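Report on the structure given below.
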Amino acid sequence: MGTDSPANFTYMGRTFDDLTNGHSSGAFSDCNSDRSGEFPTAASQGRRLLIACASDNSDDLIRQLVMDLESCSIEEQKQAAMEIRLLAKNKPENRLKIAKAGAVRPLISLISCSDPQLQEYGVTAILNLSLCDENKEQIAASGAIKPLVRALMSGTPTAKENAACALLRLSQMEENKIAIGRCGAIPLLVNLLENGGFRGKKDASTALYSLCSAKENKIRAVKAGIMRPLVELMADFGSNMVDKSAFVLSVLVSLSEARTALVEEGGIPVLVELVEDGTQRQKEIAAVILLQVCEDSVLYRTMVAREGAIPPLIALTQSGTNRAKQKAEKLIELLRQPRSGNCAATTSDVSV
């Protein structure tokens, strides 16, 4: 039996009073640090342990590593980037120390290098540094966005995933959202959402969710074909991506172009199925999205009704959260409204 939502759902500073359902966890979790490759040789394991367990008095080590980032030797650069990555991973207080020691610009330079492994280490180190909120402005101001977008396009699978996470971190500053979109990140994130592994899909969906609070990024995402992977992931209950995809969709459907694309990609049957068979959260957000789709379109109301939405919506009014009940009741009222002759004629060509 559904329970009242005790509090608004807040993610990354945004509150979703229409989308909560009493679950204690959100649809998204923030990107974690350090998911790159480890030290490649057994001889490096002692050094890795030393870095991982470095004492708080690590200033001298950090200064040396920053110098090594600008070495003429690629191997020294790789070693320095990996060690900085570990320092930033294992001791959060080191993240600010490393940035203040001047590591950000040379790490950004590594992201643009032609060596895939070195690029990957640079991306991951920047990601780890970006986990410190005080570093985000410096990272963006130092020119990280364009190299991260290039890594998202041409890097190793791990570099792409970590670049998506780093861009997510930078997008948490409102002024960066537009810059990230204008650098071409949105189509690349849509591609990662469609073709990446589970981690890539998760990271891409979280980044898109953040970036698409900006209208021009919503338009870019729809033009990039985001509706197809969103609908496919929502339809796959075994994907562990149903909630994430639905929340991204909920950000987009305020656009008429997004609603059109959603219908064209077969989204209505999927949303109706979520109302019928999903979790409490999935039922609620599906009802919210369907209500947005139907509010200004008799055609879409007809399609939703023909898909058999009314019985599961009635059930939702009896067993859902308070907000789910409210949205379901409002949607049922819309679906039961009489249609004019002209509207009926408009909808007569809709396939059943």
Exercise. Could you list, in sequence order, all residues of region 215-240 that are at pLDDT 95 or above and of a type in the set (A, V, I, L, M, F, W, C)?
Key: ILE219, ALA221, VAL222, ALA224, ILE226, MET227, LEU230, VAL231, LEU233, MET234, ALA235
Quiz item: Which residue pairs have Cβ atoms closer than 6 Å, lie 6 or more positions apart in sequence or on different chains, and pair a first residue in region 264-293 that is among the charged types (D, E, K, R) with a second residue that is part of a loop (DSSP other than H, G, I, E, B) and at pLDDT 95 or above?
Solution: none
Quiz item: Out of all the residues in region 188-199, is one or more over 23 Å from GLN119 (Cα atoms) and β-branched (Val, Ile, Thr)?
Solution: no
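Using the structure shown, decide if ALA27 is at pLDDT below 95, touching a helix residue (DSSP H, G or I) at 6+ places or on another chain (Cβ under 8 Å), surrounded by 21 or more Cβ atoms within 10 Å (Cβ to Cβ) and part of a helix (DSSP H, G or I). Outline the logic, then answer.
Values: at pLDDT below 95: yes; touching a helix residue (DSSP H, G or I) at 6+ places or on another chain (Cβ under 8 Å): yes; surrounded by 21 or more Cβ atoms within 10 Å (Cβ to Cβ): yes; part of a helix (DSSP H, G or I): no.
Judged against the criteria, ALA27 is not a match.
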Quiz item: So which of VAL190, VAL263, VAL242 is in contact with a Pro (Cβ under 9 Å, 6 or more places away or on another chain) and β-branched (Val, Ile, Thr)?
Solution: VAL190
Practice problem: Output the qualifying pairs, or none if there are none: Cβ atoms under 9 angstrom, residues six or more apart or on different chains, first residue in region 199-225 and more than 18 Å from MET241 (Cβ to Cβ), second residue assigned to a helix (DSSP H, G or I) and acidic (Asp, Glu). | Solution: SER213/GLU174; ALA214/GLU174; LYS218/GLU257; ILE219/GLU257; VAL222/GLU257; LYS223/GLU257
Quiz prompt | Residues being among the β-branched types (Val, Ile, Thr) and surrounded by fewer than 20 Cβ atoms within 10 Å (Cβ to Cβ) - total across region 178-201 | solution = 1
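For (1) closer than 27 Å to GLU257 by Cβ; (2) modelled with pLDDT under 95; (3) among the small types (Gly, Ala, Ser), each residue gets a yes or a no:
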residue	(1), (2), (3)
ILE285	yes, no, no
ILE289	yes, no, no
PRO311	no, no, no
LYS325	no, yes, no
LEU335	yes, yes, no
PRO338	no, yes, no
THR346	yes, yes, no
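The values are calculated or read from the model by the stated rules, or taken from the named source; none is laboratory data. Values in this document were obtained by computation on a predicted structure and should not be read as measured data. Cβ atoms come from the backbone with ideal geometry, glycine included; neighbour counts cover every protein chain shown.
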